[in-house]
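Take a look at the structure below.
The values are calculated or read from the model by the stated rules, or taken from the named source; none is laboratory data. Just so you know, these numbers come straight off a predicted model, no measurement behind them. Cβ atoms come from the backbone with ideal geometry, glycine included; neighbour counts cover every protein chain shown. Heavy atoms of the whole protein, side chains included, go into the accessibility calculation; ligands, DNA and RNA do not. Shrake-Rupley method; radii C 1.70, N 1.55, O 1.52, S 1.80 Å.
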Amino acid sequence: MQTEIIKAYNEAVYDTDRDRAMEVIHAALKQGVTPEEIVFDVVIPAMESMMQAISEDFDANLAQHFMAAQIASQVTEEMIAQFKTPPESLGTIVIGTSVGDMHTLGKRIVSGCLRSMMIDVVDLGVNIKPEAFVDKAVEIDSPVIAISSMMMHTATSENGCQRVREILKERGLEDKIKIVVGGAPYRWDNELYKTVGADAWADNGITAGEVIKKIVMEAKS
Ligand code: B12
């Protein structure tokens, strides 16, 4: 893989220039780089280094964070359609924000990262009732319910993760479905995920992808 392609793509993503990023990818395809190489050698490493750079750059803004995931997701979907052998999806998981929480960005970044890691996502949206999380997870056989909460009171609400845990217990689903949470309150208190009854948490899109992928792979084996 030519380092110029990786460098040009990284710069475009860091500048949140979706059109330029797509131009770099399309030019690479014309030069004979395969869609597989683009996803595995350009997009995924770029996403990882982008998250690293953003976390260290105090001037980096929300748009950079959000666009990095959106561009990665767009390129990945376009390239997968051109794979010689379409990659088997590793699994599908359910995501949404907890009741009362309208913050969408964190959830969308996590979804973008998961898609670039070959994990399909059913995004239920915002303000999701605990029953709706569980019903959808059962319907699509999802091993993970991912809940995003950006406010302390929605993270700790009796109608949030805690209620999802109770429903899983009531329906005997605790072995089949794991709860993964994330969002600002969990970054303020790294032990909060236990208090609300989640199985795991992650502090950014990349680590969320890693934690969720591990659970999905364990469920398959
Ligand atoms: C943008 C924003 C808004 C926007 C939301 C726009 C939108 N469409 O999302 C608007 C203006 C609408 C808004 C409204 C409100 N907001 Co607001 N908002 C924010 C702000 C500035 C950023 C939140 C955000 O989107 N961050 C971007 C993402 C990328 O955040 P992130 O945490 O880095 O996400 C990563 C991880 O957390 C993790 N992650 C996220 N979700 C998940 C899920 C899973 C499963 C996993 C594993 C990981 C994971 O991965 C992400 C990607 O790397 C925060 C301040 C802050 N610094 O957090 C306040 C903040 C969250 N808001 C706050 C408040 C109070 C409100 C309002 C009540 C304000 C009001 N009085 O109306 C309303 C509530 C609306 C509602 N009912 O939800 C408070 C909450 C305070 C508290 N202690 O709980 C904050 C912290 C601001 C503050 N300091 O007071 N808000």
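Yes or no: the range 45-59 includes at least one residue that is near the ligand (Cβ under 10 Å from one of its atoms), open to solvent by 40 Å² or more (accessible area, probe 1.4 Å) and small (Gly, Ala, Ser). Checked the range 45-59: at least one residue is near the ligand (Cβ under 10 Å from one of its atoms), open to solvent by 40 Å² or more (accessible area, probe 1.4 Å) and small (Gly, Ala, Ser).
Results for (1) near the ligand (Cβ under 9 Å from one of its atoms); (2) open to solvent by less than 20 Å² (accessible area, probe 1.4 Å), shown as yes or no for each residue.
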position: Asp135; (1), (2): no, no
position: Ser148; (1), (2): yes, yes
position: Cys161; (1), (2): no, yes
position: Leu168; (1), (2): no, yes
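Applying the condition of being more than 15 Å from the ligand (Cβ to nearest atom) and hydrophobic (A, V, I, L, M, F, W, C) to the range 114-133 and asking which residue is modelled with the lowest pLDDT yields Met118. With a requirement of 2 or more residues that are modelled with pLDDT under 85, the helices (runs of 4 or more DSSP H) lying completely within the range 12-97 that satisfy it span 44-56, 62-80. Among residues of the range 182-221 being of a type in the set (Val, Ile, Thr) and at pLDDT 95 or above, the one that is surrounded by the most Cβ atoms within 10 Å (Cβ to Cβ) is Ile212.
Across the range 66-95, the qualifying residues are those that are within 9 Å of the ligand (Cβ to nearest atom) and without any contact (Cβ under 8 Å) to a residue 60 or more places away in the chain, and the one among them that is most open to solvent (accessible area, probe 1.4 Å) is Phe66.
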